[in-house]
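For reference, the structure is listed below as C-alpha cells.
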Amino acid sequence: MIDLSCKYLGLQLKNPIIVGSSGLTSSVANLKTIAQKGAGAVVLKSIFEEQIKYETDIMLKAGNPDMASWNETFQTIVNRKESYFEEAYSYITSYAKEHTLSKYLAFITTAKETVDIPVIASINCNTQYNWQYFAKRIQDAGADALELNIYLLPSDFQKSGDENEKVYFDIAKEVKKYITIPVSIKVGFYFSSLARTLLELSETGIEGLTLFNRPYNPDIDIEKLEVNTSNIFSAETEYSHTLRWVALLSGRLKCDIAASTGIHNHETVIKQLLAGADAIHMASALYKQHFDVIPKIITGIESWMKLFRFNKISDFKGLLSQKNVENPAAYERVQFIHLFSGIE
Ligand SMILES: Cc1cc2nc3c(=O)[nH]c(=O)nc-3n(C[C@H](O)[C@H](O)[C@H](O)COP(=O)(O)O)c2cc1C
C-alpha cells in the first residue's frame, strides 16, 4: 500500500503536492477543484502590501463615487479644522487597511469552510509595516499556517547586504511573536550568502522556507523598442536551480523546505523529494495544464514508488540530498569543465 502522506510545517498532508499562491488560488470555485483533484494543501493568493497602499491612495483622492460614506466622514473631519488632517489621514489609512484585510479574512474563512485540506494564507511584504497585526487577524480567521512572501530586489546602491537581509529577520521575528500557527517564508535567491542567511532565518523559529519565488522579470521588445514582461509562467526545465539548493540545505536547516519553481510533472516532484524537500509548490503547470495535472502527478509518484518498492515518502525523502550522496561536490559544481559536462 503506497502512502503519500507527509508532515509539512507541522501540518498533516495527504501528499506533498501544494498548489502555490497565485491567481488560481484566489477563488472558492478553484479551491474546491484543487481539493477534489487531490492536492495536499493550498496557499491562497497573497494579500499585497502594495495593494493596501494602493487602496489607501485611491481613498485619499476625494470625490471617488464608490467612497461616498467614508468621504463624508473624511470631509467632516477635515472641515472641522486644518489640523485635523492627520486624524483624517489616519482614519482613511486604517479604513483602507481594514477594507482590504476584511475581504481577505472573509476569503480565508470561506476557504476553510469549503475544503478539507490545509489552507495556508499568504502575505506579500517587503517592509516591516503592520504585519504582526495582519498575521494575528489571519490566524483568527482560521488559516492553518501563514506564508510570508518577502522579495527584496537588492538594487539600492546605498544598501548593504546586511541591511537588505535585516528586513527578512525583522518581519519573521515580529510575526512569530504574535501568532501560534506555523509560519513559512518564501524567498528569492538574492542573498550575499544564501546558505548562511537561510540557516539563520530557519533559526528564528519559523517552521518553513519556500525556495524559491520566481520573480516577475522584465524583457525588451526589439521591434517596439519597449520594456515589457518576460514569460509569466515557468518552463518545465526551470527546476534545477531550486533542486541544487534544496539538496544543499536539506537536513541542515532548522525548518521544513518546500521546493517551488519549474515543477510541472511527477519526475520533478520525485527529484525534489529525493533532494530533501518536505513538500513542493506548483503554480505555472496548473495554469498551463489545468488542475488535472494534480492527479496525474500523484499517479506518477505512486507508480515510481511501486517500481522502487518505496511504501512511504520518508523511505526516499532526502536520499540524494548533499548530506547523503557519495559525491557531495556534484551539487556545488558550477563551471562547465569538459570532464563533467562532456562538452568541449
Ligand atoms: C500569475 C501568477 C501569480 C502569482 N501570484 C503569487 C502571489 O500572489 N503570491 C506568491 O507568493 N506567489 C505568487 N506567484 C508565484 C508562484 O506561487 C510560484 O512561486 C512561482 O510561479 C514559481 O512556481 P511555478 O514554476 O510552479 O510557477 C504567482 C505566480 C504566477 C504565475
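Brief remarks on what is shown
- Amide hydrogen neighbours beyond the local backbone of residue 8, cut-off 5 Å, H modeled: 13
- Theoretical FRET efficiency, 1/(1+(r/R0)^6), r = Cβ-Cβ of residue 314 and residue 199, R0 25 Å, to 0.05: 0.60
- 3J(HN,Hα) couplings calculated from phi for the range 201-208 with the Karplus curve 6.51 cos²θ - 1.76 cosθ + 1.60 (θ = phi - 60°) are, in sequence order, 5, 5, 8, 7, x, 5, 8, x Hz; Gly and Pro show x.
- For the range 116-206, the relative contact order is 34 percent, taking Cα pairs closer than 8 Å that sit 6 or more residues apart in sequence and dividing their mean separation by the residue count.
- The spacing between the range 259-318 and the range 141-192, judged by their C-alpha centroids, is 27 Å.
- Label-point gap, in nm, between residue 127 and residue 98 - each point 7 angstrom along Cα→Cβ: 2.2 nm
- Ellipsoid equivalent to the range 108-241 - semi-axes via the Cα gyration tensor, in Å: 28, 21, 15
- Nearby lysines by direct alpha-carbon distance to residue 37 (threshold 23 angstrom, same-chain neighbours under 8 apart not counted): 7, 14, 45, 112, 271, 288, 296, 306, 312
- For the range 2-12, the Karplus equation 6.51 cos²θ - 1.76 cosθ + 1.60, evaluated at θ = phi - 60°, returns couplings of 7, 10, 9, 5, 7, 9, 9, 6, x, 8, 8 Hz by residue, with Gly and Pro reported as x.
- When the range 180-267 is described by a simple charge dipole with +1 on each Lys and Arg Cβ and -1 on each Asp and Glu Cβ, the residue from 210, 237, 198 located farthest towards its positive end is 198.
- Figure legend: label point modelled 7 angstrom from the Cα of residue 232 along Cα→Cβ; residues of the range 281-321 with amide N under 12 Å from it are 284, 287-288.
- Per-residue extension of 0.36 nm, minus the Cα-Cα distance of residue 114 and residue 304, leaves a gain of 65.2 nm for this segment.
- Simple spin-label estimate for residue 344 and residue 225 in nanometres, 7 Å along Cα-Cβ: 4.3 nm
- Whole-Hz couplings from phi, Karplus 6.51/-1.76/1.60, listed for the range 219-225; x for Gly and Pro: 9, 10, 8, 7, 7, 8, 6
- For residue 26, the amide hydrogen comes within under 5 Å of the amide hydrogens of 45, counting only partners 5 or more places away or on other chains and with H modelled in the peptide plane.
- Computed from label points 7 Å out along Cα-Cβ, the spacing between residue 323 and residue 173 is 2.6 nm.
- Taking amide H atoms as placed 1.01 Å from N in the peptide plane, the amide H of residue 186 lies under 5 Å from those of 148, 149, 150, 210, each 5 or more residues away in sequence or on another chain.
Laboratory data are not the source of any read-out in this text; all were calculated from the coordinates shown. Please read these numbers as outputs of a predicted model, since none were measured by experiment. When we count neighbours, we look across all protein chains shown, and the Cβ atoms used for this are built from the backbone with ideal geometry, even at glycine.
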